[in-house]
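Notes follow the structure.
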Amino acid sequence: MNVLKSFSLVAGLLLVAGCGHGTYHHGGSQGGGMGPGQGADRGAEVMAAVTKAVPDPDKAKRVQDALKEIMEEATQSFKQNREFHRKLYELNADYNATPEQFTKVLDDLNNNRMRTGAKILSTRFKIKEILSAEEWKAFTDNLNASRARYMHGHEAAEGKDGKKDGY
């Protein structure tokens, strides 16, 4: 269960940061994705969540640097995943494509996601080592409050009832 909560926090970091939730995921310009500047706005909100939660400026700066690493990793992974999806679309259009070709791209895609997840999780634990338990709670509370502004549909309703990510 702790792994689920940790993963949920990491996913929340990415959602608030706007790194893994772009217009590509929602079908390009069909709506539902971020508009220009929203990723930067969310990144600024994450940094502000640290500033509010961590009174020591040096400690806050180290946490913000680690969060920037997470954002950069997620951005890079998003671009790589988009390329894997492009390859899958090309294979799908190729009548002669073999199952092995699809499997190779899917394996590469999954391996990329696992590498990214491991890096982000490692950085999450670096952040946890920097912060006290009280600072961690204040930081995650600030993130959850910020994240709630970007929730859609039933997720927002669940958040209002006090449920956290359905767990």
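The values are calculated or read from the model by the stated rules, or taken from the named source; none is laboratory data. Predicted, not measured: the structure shown is a model, and the values here were computed from it. Heads up, the Cβs are rebuilt from the backbone with ideal geometry, glycines too, and the neighbour counts pull from every protein chain shown.
List every residue pair whose Cβ atoms lie under 7 Å apart, where the two residues are 6 or more positions apart in sequence or sit on different chains, the first residue falls within region 63-74 and is free of Cβ contacts under 8 Å to residues at least 60 places away in the same chain and assigned to a helix (DSSP H, G or I), and the second residue, located anywhere, is surrounded by fewer than 19 Cβ atoms within 10 Å (Cβ to Cβ) and of a type in the set (Lys, Arg).
Every condition considered, the pairs that remain are 73/119.
For region 85-108, which positions are within 23 Å of residue 118 (Cβ to Cβ) and out of contact with any Leu (no Cβ under 9 Å at 6 or more places or on another chain)?
103, 104, 107, 108
Please tell me if residue 82 is in a helix (DSSP H, G or I), modelled with pLDDT of 90 or more, closer than 22 Å to residue 115 by Cβ and basic (Lys, Arg).
On the way: in a helix (DSSP H, G or I): yes; modelled with pLDDT of 90 or more: yes; closer than 22 Å to residue 115 by Cβ: yes; basic (Lys, Arg): yes.
The answer is yes for residue 82.
Being polar (S, T, N, Q) and either within 11 Å of residue 67 (Cα to Cα) or touching a helix residue (DSSP H, G or I) at 6+ places or on another chain (Cβ under 7 Å) (or both) is the filter here, so list the residues in region 117-132 that pass it. Quick ask: steps written out before the conclusion?
If we filter region 117-132 for residues that are polar (S, T, N, Q), which is where we start, we get 122-123, 132.
Correct list: 123 only.
Residues 97, 48: which one is at pLDDT 95 or above and small (Gly, Ala, Ser)? Full working, then the answer.
Numbers: 48 fails: at pLDDT 95 or above.
97 is the lone residue from the list that is at pLDDT 95 or above and small (Gly, Ala, Ser).
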